[in-house]
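Written below as structure tokens is the structure these notes are about.
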Amino acid sequence: MEKHEPGAARPAEKGNPMTDLTETPSGYTDGDVDTNHSTAVTLNELADQRYSRRTLLRGSSAIVAATMGSSLLAACDNNNLESDTAPAVSAGTAAATTAGRMVTLAGSATDDKQVGSVAWTQVAGPQVTLTNASTNTATFLAPVVAASTELKFRFAAVDSRGQTSFADTSVTVTPATLGFTAVAKNKLDVVTVPTGYTVTVINRTGDPIAANVPAYKNDGTDTNFAQRIGDHGDALYWYGLNADGTARDANSSTRGLIVQNHENINQQYLHVNGPTGTKTGEVRPEGEAQKEIDCHGVSVTEASEGAARAWSVKQDSTYNRRITPATPMAFSGPAKGSDLLKTVYSPTGVAGRGTINNCANGTTPWGTAITCEENWAGYFRRTGDNANRTARELTALARYGVSGSGNYGWSTVTPADSTNTLFRRWDARAGTGTATDDFRNEPNQFGWIVEIDPYAPTSTPRKRTALGRLGHEGCWPGAFVVGKKPAWYMGDDSRREYIYKFISATAWVAADATASDRLATGDKYLDNGTLYVAKFNADGTGSWLPLVFGQNGVDASNATYAFANQADVLVNARLAADVVGATPMDRPEWTAVNPVTGEIYVTLTNNNAANRPLTGTDAANPRHYNDPYGTAKTAQYGNPNGHIIRMKEADTEATSFTWDIFAFGAGADLDKANINLSSLDDSNDFSSPDGMAFARATHAGGQVKPIMWLQTDDGAYTDVTNCMMLAAQPGTVGDGGARTITNTGSNGATATQATRIGAAPGANLRRFLVGPVECEITGVDSTPDGRTLFVGIQHPGEGATDPTKPTSHWPDSQAGGTVAASVRPRSAVVVITKNDGGVVGL
């Protein structure tokens with residue numbers, strides 16, 4: 001076989017129409033001297049002898065047929081034309097890239113007459129889709145590979161006389177790596193991303209999501225948040241729609257639904273001059289309170305990609321929906337109908353109203369959204385009713401922090417309609433009657449995992465009580481393996497709370513991923529199973545302890561709290577976790593599961609000295625140190641920067657695991673021996689990890705060595721930088737080793753602590769994004785192709801007390817230029833795309 005270097009031109013090989021083109025005898029001779037030698041075949045001959053459709057479609061020569069088009073039909077004799085030579089062709093030099101990146105093939109073709117057409121084809125390697133294949137410059141997205149893999153391509157040209165030449169080249173693709181330069185820490189009032197990326201903004205607080213709802217004025221006069229985007233956008237997830245928007249298409253990357261939580265509010269910006277009636281003894285105006293309530297919950301909006309990759313939200317989509325604290329809910333699972341859920345509104349304990357303080361999220365393979373009710377306890381008023389409570393009730397209320405006057409004073413509203421109990425419900429004080437006479441049990445209706453069908457806008461969301469009542473932060477599933485029981489992993493967001501796992505009682509059936517009744521499928525997998533809580537051992541092992549009535553002291557004989565039944569265990573899951581001896585953690589928040597290894601990651605955002613004292617560390621929460629804040633060097637003792645722990649199980653049914661700590665938050669300037677244990681530098685140092693998600697397994701960023709997106713909600717490092725999002729490609733549990741560190745207290749005392757630390761992330765962790773002033777970065781997902789990333793920007797400018805003097809002007813500031821000093825900030829979603837069309841992050 002003839003050796004051919006990549007990129008070198010050559011005529012078509014013998015035995016196919018390309019070869020025949022170059023070996024046809026001379027078309028003219030005048031005897032002894034060939035004065036007009038031509039090797040070009042006549043078009044008559046091409047039409048009659050060489051270019052039957054059958055011949056054209058053999059082998060690689062199909063490319064010539066495809067590009068010559070109708071010229072094959074217009075045959076004419078060229079015996080008397082001048083001599084002609086085949087085109088000179090180059091396919092360029094061999095190249096190398098990594099999976100998920102956009103590759104450009106640049107060919108060239110010249111001819112002594114005229115090049116008629118050119119085309120690129122792939123001749124070897126994993127199949128890719130070539131864009132602009134009939135031009136000199138074609139592009140393709142490098143495919144997923146687990147090892148170095150060569151792809152070969154052919155560039156062919158046909159001249160005006162039908163002569164053809166081609167050249168080959170190759171592209172070697174290696175596994176995906178992070179492909180951007182780290183963004184510098186900064187305190188700008190914009191979203192900063194790497195060079196080569198574009199940021200656009202959608203779903204701002206107040207944006208209308210129903211027909212005929214007017215544009216948001218953003219001056220405090222706007223109303224009707226039941227049909228607008230809520231405030232404090234948090235966790236989000238993409239649910240695909242088919243091209244005409246009539247049905248679910250889980251693989252769609254251009255049209256779909258964004259389901260986003262709305263955790264809380266920037267109260268000062270929602271009203272003209274800030275809120276009124278907030279002082280002790282005052283009454284809140286109904287209109288103000290209604291607006292604040294409706295800003296909480298969940299939004300479902302239809303979004304699509306248009307020309308030039310511009311994204312927009314369809315305001316009048318029939319899918320658009322707001323789920324607020326007033327939306328009807330249904331309880332399901334073991335606690336449904338429990339006496340602990342009964343109120344004057346729900347005397348049977350079956351129905352509920354709304355969801356609130358929705359922070360992190362989860363999902364299911366059958367296409368439903370999971371939202372998590374986090375810091376709900378503070379919304380309730382409960383003071384001065386101890387005489388009407390049993391000792392058992394008081395124990396439960398104290399364990400969940402239900403006390404005080406209520407965050408926003410909603411229970412003080414006197415509604416125009418006296419039958420309206422939407423405000424009274426926030427008053428959890430017990431009267432002298434029974435639970436169905438008041439709202440003493442209303443706090444028990446919150447703190448649940450809520451399942452929503454985003455494709456069915458009139459469906460009733462379901463509170464899944466089998467997963468326990470907590471300050472839920474995250475509910476991410478493990479792998480779904482046919483015949484295995486699936487599991488969901490959950491954090492309880494408060495200092496010294498626990499990490500939980502729910503294992504379904506039902507083994508996974510693949511057909512359920514496309515079930516038409518999605519909430520009924522949720523009934524099947526989420527209403528029956530076992531709730532567990534994690535215990536971490538110093539040797540790097542751990543166990544999941546079942547929270548089951550009658551086991552491990554969780555029963556009626558318990559001295560701290562006498563459990564009545566399994567419903568009681570689930571309503572008071574924190575108390576049950578205390579009993580079985582779970583490990584208190586440094587504020588467990590989001591959970592994520594590596595789609596390749598199945599390892600479970602949990603962000604432990606931070607802790608203070610009171611809850612993690614020098615003498616109170618353990619292997620899984622090993623640090624006590626000081627991170628001085630600002631120029632005044634204000635002391636911050638405890639674990640102010642947080643860390644990320646990870647666990648490895650045999651499968652989702654396992655009740656044991658091994659663990660280590662993936663990364664420790666710290667400033668790059670802090671002691672690497674005892675504080676900055678992950679050896680972070682200026683490209684990747686961070687503090688207070690919170691939001692977290694792995695890339696989808698449907699694209700290169702989520703395969704082989706998946707990207708993990710890590711977001712911060714920080715107050716300890718904001719003297720240096722705004723909150724941020726980083727990209728990581730983690731290794732595996734056990735890739736580091738055991739280590740003993742020395743902690744130092746505020747009085748100079750020291751104590752040693754053994755722990756287990758993963759390998760330093762190095763270049764496999766780098767800063768991708770920095771947000772605007774006083775924001776939190778929270779919520780991230782991509783389209784299935786990985787080419788569009790959605791990121792939540794929450795509460796920019798939250799520190800201002802005077803709404804006329806905002807401390808941020810984002811997102812108006814994102815466009816640059818001068819922004820009026822009075823422009824109020826808004827939470828929003830940013831859409832991030834790579835300018836060359838590649839996978840974001842690679």
Per 5 Å bin from zero, what fraction in whole % of the C-alpha pairs of the range 176-300 is there, up to the bin with the longest pair?
2, 9, 14, 15, 16, 15, 12, 9, 5, 3, 1, 0, 0
Computed lengthening from Arg392 to Lys524, 0.36 nm per intervening residue step minus Cα-Cα distance
44.2 nm
Cα atoms only, the range 627-672: Rg and Dmax in Å?
16.3, 51
Provide the convex hull volume over Cα atoms per residue for the range 691-789, in Å³.
124
Pairs beyond 32 Å (Cα-Cα), from Lys291/Lys805; Lys185/Lys805; Lys187/Lys501; Lys485/Lys834; Lys152/Lys314:
Lys187/Lys501; Lys485/Lys834; Lys152/Lys314
Against the empirical 2.2 N^0.38 Å scaling, what ratio does the C-alpha Rg of the range 428-580 come to?
1.15
Quick calc of log₁₀ I(q)/I(0), the range 521-582, Debye, one scatterer on every Cα, no solvent, q values 0.30 1/Å, result -1.22
For the range 370-499, take N as its residue count and report Rg(C-alpha) divided by 2.2 N^0.38 Å.
1.24
Sequence of Lys524, Lys342, Lys834 from largest to smallest accessible area, 1.4 Å probe:
Lys524, Lys342, Lys834
Please give the calculated 222 nm ellipticity per residue for the chain, where each DSSP H segment of at least 4 residues contributes -39500 (n - 2.57) and the sum is spread over every residue; nearest 500 deg cm²/dmol?
-2000 deg cm²/dmol
Restrict the search to the range 90-197; then list the trypsin sites (Lys or Arg not before Pro) that DSSP places in a loop and that have at most 14 other Cβ atoms within 10 Å of their Cβ.
Lys187
Roughly how much of Leu710 is accessible, in Å² to the nearest 10, using a 1.4 Å probe?
0
I'd like the accessible area for Tyr237: 1.4 Å probe, protein heavy atoms, all chains in place, Å² to the nearest 10.
40
With an 8 Å Cα cut-off and a minimum separation of 6 or more residues, compute the relative contact order for the range 630-729 in percent.
21
Would you please put 437-447, 352-362, 130-140 in order of how densely packed they are, using the mean number of other Cβ atoms within 10 angstrom per residue and starting with the highest?
352-362, 437-447, 130-140
In Å, what is the Rg of the alpha-carbon atoms in the range 579-675, and how long is Dmax?
15.1, 51
Probe 1.4 Å - accessible area at Ser656, Å² to nearest ten
70
For the chain, calculate the relative contact order in percent as a whole number, restricting contacts to Cα pairs under 8 Å that are 6 or more residues apart.
12
Neighbourhood net charge (13 Å Cβ-Cβ; Lys/Arg +1, Asp/Glu -1) for Tyr489
-2
Would you compute the Debye intensity of the chain from its alpha-carbon atoms alone, equal scatterers and no solvent, and pass along log10 I(q)/I(0) at q = 0.05, 0.06, 0.09 Å⁻¹ to two decimals?
-0.34, -0.46, -0.89
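The values are calculated or read from the model by the stated rules, or taken from the named source; none is laboratory data. Keep in mind that this is a model prediction, so the values were computed, not measured. In this analysis, Cβ positions are derived from the backbone assuming ideal geometry, glycine residues included, and neighbour counts consider all displayed protein chains. Side chains included, ligands, DNA and RNA excluded: accessible areas come from the protein's heavy atoms. Shrake-Rupley method; radii C 1.70, N 1.55, O 1.52, S 1.80 Å.
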